[in-house]
Each structure stands twice: as C-alpha cells, then as structure tokens.
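J.: The structure under discussion is supplied below as structure tokens; questions concerning it will follow.
Values quoted throughout were computed directly from the atomic coordinates according to the rules given, and no laboratory measurement underlies them. This one's a predicted model, so the numbers in the text were calculated from it and none came from an experiment. Cβ: placed from backbone, ideal geometry, glycine included. Neighbour counts: every protein chain shown.
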Amino acid sequence: MVRDTSIGIRLSEEVKVALDKAAKADRRTISAYVEILIIADLQAKGFLAKE
C-alpha cells in the first residue's frame with residue numbers, strides 16, 4: 001500500500017501516552033501502530049478489502 005497522504009489528529013495526553021506504550025510494546029512507531037489499527041478496523045467493517 002503506497003503512503004501518499006497524511007492526516008493530523010488531536011488526542012488527550014492520556015490517550016497519547018497509552019498509544020505510545022502500546023506502539024513501543026509492538027516495536028512500532030505511533031504512526032505505524034495507528035495505521036495497523038485503522039486498517040484492521042476498516043477491513044473488519046468491510047470498508048477495505050483484506051490483503
């Protein structure tokens with residue numbers, strides 16, 4: 001999948017800290033971790049074809 005666009009989001013500090021911990025536990029950047037979560041949710045809901 002080619003990454004050719006970006007988005008910006010605002011989070012509470014509490015959510016960002018938790019997200020950082022989860023990403024580090026998966027040995028990923030926050031960006032990569034969030035991308036995986038979004039893709040999984042979109043595939044589960046049928047909005048994105050499973051690879």
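J.: Counting Lys +1, Arg +1, Asp -1, Glu -1, what net charge surrounds residue 1 among other residues with beta carbon under 10 Å of its beta carbon?
T.: -2
J.: Can you divide the C-alpha Rg of the chain by 2.2 N^0.38 Å and report the result to two decimal places?
T.: Taking N as the residue count of the chain, the ratio is 1.25.
J.: Less than 11 Å Cβ to Cβ from residue 37, Lys/Arg counted +1 and Asp/Glu -1: what total charge do the surrounding residues give?
T.: Net local charge, residue 37 excluded: -2.
J.: As a footprinting exposure proxy, order 15, 2, 34 by other Cβ within 10 Å, with the fewest listed first.
T.: In order of increasing Cβ crowding within 10 Å: 2, 15, 34.
J.: Amide H neighbours of residue 48 under 5 Å, at least 5 residues apart or on other chains, H built in the peptide plane: list them.
T.: Answer set, sorted by chain and number: 43.
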